[in-house]
Amino acid sequence: MFNKHDITRNTCQLTGAQARQGYDWWWHSFTGYDAETGEARPFFIEFFLCNPASGKSEPVFGQLPENRAGGVKPSYLMVKAGSWGTDAAQLHRFFGWGNIHVDMGCPFSIEAGDCRMGETFTEGSVCVSNEDSAAHPEWMCQAGEMSWKLSISKKTAFNVGYGAGKLFRRLQLFEMFWHAEGMATEYQGHVIWNGRRYVVRPEDCFGYADKNWGKDFTSPWVWLSSCNLTSELTGKRLEDSVFDIGGGRPK
């Protein structure tokens, strides 16, 4: 088990007030291809940290009736994995702060169980049975199984400007921050989705990676991105083009 003092001291953006009410998440989305049929399938992976100052050795679920009544806030690392399309599902796995290692050095890393993520890699597994999904609505997920091992190469970044600059981050002036370090990202490796193997290739994974953090969520939130664009004039793919649209009402 990791030392809790070391963990909470190195909790990424979650310092000051955000350690008591705050979140920090890293998002990855990409396309994989069935190793047997070649069918394309979109996947997503997210590492979501929240409220380390309230952390315990086991995850704390704020949605439970007794915790809601007592004003207890959620506190955990949630590893989200899933897929869109046919047989779509989002799968969640939770870790308490006593079992999470966060290193915000260079390079940074997050590790809990067999789930790991850094600037250039991620691997892990999430498995939720039908029985557990039905018995635990606080897990906020469906049933299924996904494992993955991927390298990450972020090719194009989108800098949102002074709003996510060092001074604004230190003063925590916004309720929500966003930085798209990998609006065009190349992934390589494999995903096992409900028993089927999918190959992920740099040249056609059309990947995206970003990071959000803060003390509250903006609503509404609109997000649209693509690095797989084709010219209507020539019919050819635009190799070096990408767009990213994110909007809401952060306070």
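Where a number appears in this text, it was derived from the coordinates with a stated rule and is not lab data. Worth saying up front: this structure is predicted, and the values here are computed from it rather than measured. In this analysis, Cβ positions are derived from the backbone assuming ideal geometry, glycine residues included, and neighbour counts consider all displayed protein chains.
Which loop-located chymotrypsin sites (Phe, Trp or Tyr not before Pro) does region 180-244 contain, where loop means any DSSP state but H, G, I, E or B and the Cβ has at most 11 other Cβ atoms within 10 Å? Don't jump to the answer; show the numbers that get you there.
Details: sites: Tyr187, Trp193, Tyr198, Phe206, Tyr208, Trp213, Phe217, Trp221, Trp223, Phe243; in loops: Phe206, Phe217.
The qualifying sites: there are none.
In this structure, the residue pairs whose Cα-Cα separation is over 20 Å, taken from Lys154/Lys236; Lys73/Lys215; Lys154/Lys211; Lys155/Lys211, are Lys154/Lys236. Each residue, Ala88 and Ile192, gets one label point 7 Å from its Cα in the Cβ direction; the gap between the two is 2.6 nm.
Mind pulling up the Rg/Rh value for region 184-251? Radius of gyration and Kirkwood radius, both on Cα. Result: Rg/Rh = 1.09. Using 1/(1 + (r/R0)^6) with R0 = 25 angstrom and r between the beta carbons of Ala143 and Asp34, what's the FRET efficiency to the nearest 0.05? FRET efficiency, Ala143 to Asp34: 0.75. Built from the Cα atoms of region 49-99, the convex hull projects on average onto 4.2 nm², one quarter of its surface area. Here the calculated FRET efficiency for Met104 and Ala134, from their Cβ-Cβ distance with R0 = 35 Å, stands at 0.40, rounded to the nearest 0.05.
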